Structure formats: structure tokens, C-alpha cells
1. Would you check if Gln287 is over 25 Å from the mean Cα position of the chain (by Cα) and within 16 Å of Ser229 (Cβ to Cβ)?
2. Look at Lys257 and say whether it is closer than 19 Å to Leu278 by Cβ, modelled with pLDDT of 95 or more, assigned by TED's automatic domain parsing to the domain that holds Leu172 and surrounded by fewer than 18 Cβ atoms within 10 Å (Cβ to Cβ).
3. Identify, from the list Gly200, Gly131, the residue that is in contact (Cβ under 8 Å) with a residue 60 or more places away in the chain, assigned to a loop (DSSP other than H, G, I, E, B) and not aromatic (Phe, Trp, Tyr).
4. Of everything in the stretch 43-77, what is of a type outside the set (A, V, I, L, M) and touching a residue at least 60 places away in the same chain (Cβ under 8 Å)? Give them in sequence order.
5. Counting only residues that are out of contact with any helix residue (DSSP H, G or I) (no Cβ under 6 Å at 6 or more places or on another chain) and among the hydrophobic types (A, V, I, L, M, F, W, C), how many does the stretch 14-28 have?
6. Just to confirm my filter: which strands (runs of 3 or more DSSP E) fall fully inside the stretch 1-115 and include at least 2 residues that are within 23 Å of Lys130 (Cα to Cα) and aromatic (Phe, Trp, Tyr)?
7. Could you look through the stretch 29-85, keep only residues that are of a type in the set (Asp, Glu) and out of contact with any helix residue (DSSP H, G or I) (no Cβ under 8 Å at 6 or more places or on another chain), and pick out the one that is farthest from Leu97 (Cα to Cα)?
Amino acid sequence: MYILDIDQIRSIANSIGSKTSNPDVQFQRLNFMLYKEYRVDLPQGVKKASLEKFKDITSSPLIFERAVNSILKRKIIEGENKITIKNPKALYRIGILSFREPIKLDLIVDGNVGNFFAAGCNFHGTWTVKGHSENGLADKGYSGKIVVDGFATELAGQNNQATYGSNGVDILVRKGCMERAMGQARGGSLITFGAGYNSGLYMSGGVLLNLGAPGKSFGPGMVGGSIYSPEGTTVGEGAKIQSLTNIDYQVILSLLKKFETELEIRELDNFSQDNPILYITNNGNSQEYAFQRFIKITSAESK
């Protein structure tokens, strides 16, 4: 298990920033220390972008984002497949590793993550966020399994992919998602305990299972995919409500199987249209779910 404490990188940057205000010198010294400690180099483009956007080197989020992702990539290439990130402090765009082929990696993030955590992810294993996730969780993800212990804000699972060789990311958000969960999803799945306004916006594939309170106007503009949510959920233009069929129970069963351990689900093997009751434990709270009181939301054009 490799532990990456981002506070150590911050300490290096703060020390350099306290000794010189010259950005060229700061960048040179920062790169020297990052190579010495982690054997990674930052490209000159990061310096230019940091100065243009943040007017600084040693406090630029772009510096930390690139350093963290470069360190993760190096460790993975060296064979590490279990990593913990400490003190993320809602840092943006971490976990963007850009591997063309799926990697094997179990990742734990001990804290909150900022926008676009795990964007473009392509992995086998489980990534767990011990906190909240901001906008764009796993945006355009290709494969993997992600568990967020807290909330996810807008656009969780946006652009979830389904391409040749990938089925999209499977995501569990324990405390619920805000607006447009699974927006423009093409594949993959999301289980959430609450979903906000316009969830399923422009879906063309994938599955959204909402086990909590729903927002309004689910599925506007959707042309494919499926949304399952409690009765009373309203739909947007281009979506319609259907009753669950036996096939839908099989779809929900297959999805819940992926998170059976995390949700401590009872009676799952017997789950069907004839046995629609499940007991699911989330964050220590066990609750009965009667799926005969759920609806399916699909494209208005589907038959």
C-alpha cells in the first residue's frame, strides 16, 4: 500500500514560496524537489497556465493536480495497485491518469475531492472517497467501480461511456447526488440515495437507480437508458413513466449485485417481481425497500 500525502507536496511548495517570489526560480526549485522526492517532472506548460490563471506558482491548483496525477501514474507503472491519498482538501481533477488500457488499482481518498475526480477513468478495482465529491465525478469514465461515502454535487457520472471494450463506470453515492446525475450517460450505472433536478438529462444508455428522495423533471431529452426511482418522481419532456417488468427486476438485481457487499443487502438472491422486498444498509442504517412502489423512466420514444 502506497500512501501519498498531498500535504507533503504543499509543504515543499510553501517552503519554496517563502524563500523566493521569482516564478521561474520557484518552478525550477519545485521541479527539482518533486523529482528528488517522487521522480516526476512538471512540464513548462503548467507554469505558464498557473501564472496566467492564478498569478502564482507555489499555490496554483494546477501544480498540485499535475504533481499528484504524475506521482500516481509513476507508482502504477512501477507496479503499485493499492494507493491511499491523504489530505486532498477538495483538490480539483485528481485521479485523471489517462491510461488507454484499463489498469488494476484500488484507491482510497481520505477526504473530500473537488471537480472532475476520476474523469476519464479506466480501471479494474474500487476507488473509494471517504468524503464528498464535487461536480463532474467520473466524467466520461470508461470502466471501474467508485464509492463516494458522502454527497456528489452536479453531474455525477456525466458522459459515462459505453464503447468497444468498455461498459462505463459503476458508481455508488451514499448520501445522494445533486442536479443532472448521469447527464448524457451512454453506459455504466449509478446508485444514489437521492437525486436532484434533471437527473438523467439526455441519457442514451446506462442505468440510474435512485433509492432516495427524487428531485423534479427526471430524464428530459433522454433517448435511451433506464432510470428507476420511487413513485412520485416526475419526468421531463421526452421521458415517460412505465411499470417495472420482470426484466427490470433482473436489471436492478444485476446492478445491486455490484455493490452487494458495500450495501449489506439482504434477500438479494431471492429478489424478483414476485419477491420485491430488499433490506439495504447504507451508512449503518438498514431500511426496507419495496420495489413494487418504484417506477421506471425511459425515453418517450421507447416501446
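1. On the way: over 25 Å from the mean Cα position of the chain (by Cα): no; within 16 Å of Ser229 (Cβ to Cβ): yes.
Criteria not met by Gln287.
2. Judged against the criteria, Lys257 is a match.
3. Gly200
4. Pass one, the stretch 43-77, residues of a type outside the set (A, V, I, L, M): 43-45, 47-48, 50, 52-56, 58-61, 64-66, 69-70, 73-75.
Residue satisfying the conditions is Lys75 alone.
5. 1
6. Of the strands (runs of 3 or more DSSP E) lying wholly inside the stretch 1-115, none has at least 2 residues that are within 23 Å of Lys130 (Cα to Cα) and aromatic (Phe, Trp, Tyr).
7. The qualifying residue farthest from Leu97 (Cα to Cα) is Glu52.
Listed here are the residues, each with its yes/no results for (1) surrounded by 14 or more Cβ atoms within 10 Å (Cβ to Cβ); (2) out of contact with any Phe, Trp or Tyr (no Cβ under 6 Å at 6 or more places or on another chain); (3) assigned to a loop (DSSP other than H, G, I, E, B).
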| residue | (1), (2), (3) |
| --- | --- |
| Gly212 | yes, no, yes |
| Lys240 | yes, yes, no |
| Leu253 | yes, no, no |
| Tyr279 | yes, yes, no |
| Gln292 | no, yes, no |
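The values are calculated or read from the model by the stated rules, or taken from the named source; none is laboratory data. Only a predicted model underlies this, so the values are computations on that prediction, with no experimental measurement involved. Neighbour counts are summed over all protein chains in view; Cβ atoms, including those assigned to glycine, are modelled from backbone coordinates with ideal geometry.
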